[in-house]
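Have a look at the structure below, then the notes.
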Amino acid sequence: MHGTVCTLGLSLTAAAALVLAGCGDDGGGTSKTTGTTSTSTAPSNAADSLDAPEGGNDDLPNTDADGTAASSGGPGSTAGSTAATDTADTGSDTDTGDDTTGGKVEACADTWPEWINGTACGDEPALQVHQVSPDTVIVRQSLCTNFEAPFIYMLFGTDRVLIEDTGAGGVQIAETVNGVIDQWLARRGRKSIDVVVVNSHAHGDHVQGNAQFQGLPSTEVVGTGVNAVSDFFGIDTWPTQTVQYDLGGRIVDIIPIPGHQSSHIAIYDHGENWLLTGDTLYPGRLYIDDFAQYVESINKLVDHVEPLPLCQVMGTHIEMTNTPGDDFPFGAPTHPDEHPLQLTGAHLTELRDAVNAMGGNAVYEEHDDFIIFP
Ligand SMILES: [Zn+2]
C-alpha cells in the first residue's frame with residue numbers, strides 16, 4: 001500500500017481484536033444533505049501519532065475503549081444468539097486501491113476475517129459480526145441460511161447509525177444489529193442513537209430483514225423505491241444528483257447508480273474511505289438489468305472517487321473463488337476458498353473500461369475478480 005498511512009492503532013490483545021484507527025473522518029462538513037455534488041474535504045494532515053487510537057474518530061466521544069482495551073471482544077460479542085463476533089481476525093490482507101483512482105489514503109482497514117462460508121453448517125453462526133473499526137461493522141449472513149450470503153454494513157456517526165441492507169431473510173438480523181448498537185452505546189455511556197436502515201437496492205436478498213426494524217424505537221426504515229430513497233436523502237434529480245448525508249461527524253455520499261436495479265445506490269463513506277457498491281460491483285457475477293444506465297453509473301462512480309481517498313470497494317456478495325476468473329456455481333451451498341470481499345479502485349476502473357469497450361451491448365466477460373454477466 002502506498003499513500004499516507006496516518007494511524008494504525010494496532011491493539012492485538014488476548015482476544016486478538018484488531019483496532020484500526022481510521023483517519024478519514026476528518027470532519028468533512030456537517031450539513032445533513034447538501035448540494036448536487038458531494039464535496040469532500042481534503043484529507044486532513046496525517047499528523048496523528050502512530051499509536052493514538054483516536055486518530056480517526058475524534059468527533060466521537062471515545063474510541064479509547066476500543067483502541068486500548070479491545071480484549072473484551074468488542075461490540076457484537078454477545079450480539080444475539082445467532083451471531084458470532086470475530087475475535088481472531090487473520091486472513092487476507094489486500095492492498096488498497098489508492099494507486100488507481102487518486103486521492104491520498106490515510107488509513108485503511110487492512111485485516112479481514114475468515115468469513116463464514118457454509119462449510120460448517122451447524123457450527124457456524126447464522127450471522128457473523130466483524131468489527132472493522134470502533135465505528136464500523138460488517139455482518140455476513142451464513143450460506144447455511146441462504147445461498148446468497150449477503151453482507152450488511154453498519155456505519156456509526158455520533159448522531160445516527162446507518163445500516164445498509166438487512167439480509168436475505170430467515171435470520172434475526174435486527175436482534176444482531178441492535179446487539180451491536182447496544183454495545184457501541186455502552187462503550188460510550190450513551191442511551192440511544194438514531195438508526196437509519198437503507199438498502200443498497202431493492203432486490204429481495206438485501207431487504208428481507210427490513211420488516212424486523214419497522215416500529216423499533218429511534219429507527220427509520222427508508223423505502224426501497226426511487227421515490228422513497230430520493231425523498232429521504234433529498235435527491236431532487238435522480239439519478240444524476242449525488243448528495244451528502246451526515247451521520248454526525250461522519251459524512252457519507254449517496255450516489256444513485258441504477259443499472260443492476262433501478263433504485264440502486266452506492267455509498268462513499270468518508271469515515272473508512274470506502275465505496276460501498278452493493279450488487280453493482282463485487283467479487284462475483286455482475287448481473288445487469290439496464291446496461292446503458294449501468295455504464296453511466298460505473299463512469300459516475302469512477303469520477304466520484306477519483307479525487308477522494310479510496311481504501312476499498314466493498315460489495316454485498318462473494319461469488320468468485322480464489323482462482324482468477326472462477327466463480328462458484330449459482331446457488332452453491334458452500335464457498336470453500338472464497339475470494340476476499342474487498343476490492344480496490346483498480347477493479348472499478350477495470351470494470352469501467354470493460355463496459356465502455358462493449359459499445360452499448362453487454363456481453364459476458366470473465367475477469368480475474370468479477371464476471372460481467374448480462
Ligand atoms: Zn441485486
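None of the figures in this text is laboratory data; all of them are computed from the coordinates on show. Bear in mind the structure is a predicted one, so any value in this text is a computation, not a measurement. With ideal geometry, Cβ positions are generated from the backbone for all residues, glycine too; neighbour counts draw on all protein chains shown.
Quick look at the values:
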{"quantity": "Note, ³J(HN,Hα) from phi for the range 355-367, Karplus 6.51, -1.76, 1.60, rounded to Hz, x at Gly and Pro", "calculated": "6, 5, 6, 7, x, x, 10, 5, 10, 4, 8, 8, 10"}
{"quantity": "Virtual paramagnetic centre 7 Å along Cα→Cβ of ASN299, amide N under 18 Å, in the range 351-374", "calculated": "351-363"}
{"quantity": "Long-range amide H partners of THR219 with built H, under 5 Å", "calculated": "VAL195"}
{"quantity": "Rounded to whole Hz, the Karplus (6.51, -1.76, 1.60) HN-Hα couplings of the range 260-272, x for glycine and proline", "calculated": "5, 7, 5, 10, 5, 10, 10, 10, 9, 9, 6, x, 9"}
{"quantity": "Label-point separation in nm, ASN322 to ASP159, each point 7 Å along Cα→Cβ", "calculated": "4.4"}
{"quantity": "Cα-based equivalent ellipsoid of the range 234-346: semi-axis lengths in Å, sorted from largest, via gyration tensor", "calculated": "26, 17, 12"}
{"quantity": "For SER218, net neighbour charge (Lys/Arg +1, Asp/Glu -1) across residues whose Cβ lies under 9 Å away", "calculated": "-1"}
{"quantity": "Residue-by-residue Karplus 3J(HN,Hα) for the range 173-185, coefficients 6.51, -1.76, 1.60, Hz, glycine and proline x", "calculated": "5, 5, 4, 5, 4, 5, x, 4, 4, 4, 6, 4, 5"}
{"quantity": "Amide proton proximity set for ILE371, modelled H, under 5 Å, gap of 5+", "calculated": "GLY284, ARG285, LEU286"}
{"quantity": "For CYS144, distant residues with modelled amide H under 5 Å away", "calculated": "GLY118"}
{"quantity": "Point-charge dipole on Cβ atoms (K/R +1, D/E -1) for the range 285-374, about Cα centre, debye to 20", "calculated": "200"}
{"quantity": "Additional length obtainable on full extension of the chain from ALA120 to SER262, 0.36 nm per residue less Cα span", "calculated": "47.5 nm"}
{"quantity": "Potential extension, ALA332-ASP290 segment - 0.36 nm per residue separation minus Cα distance", "calculated": "12.5 nm"}
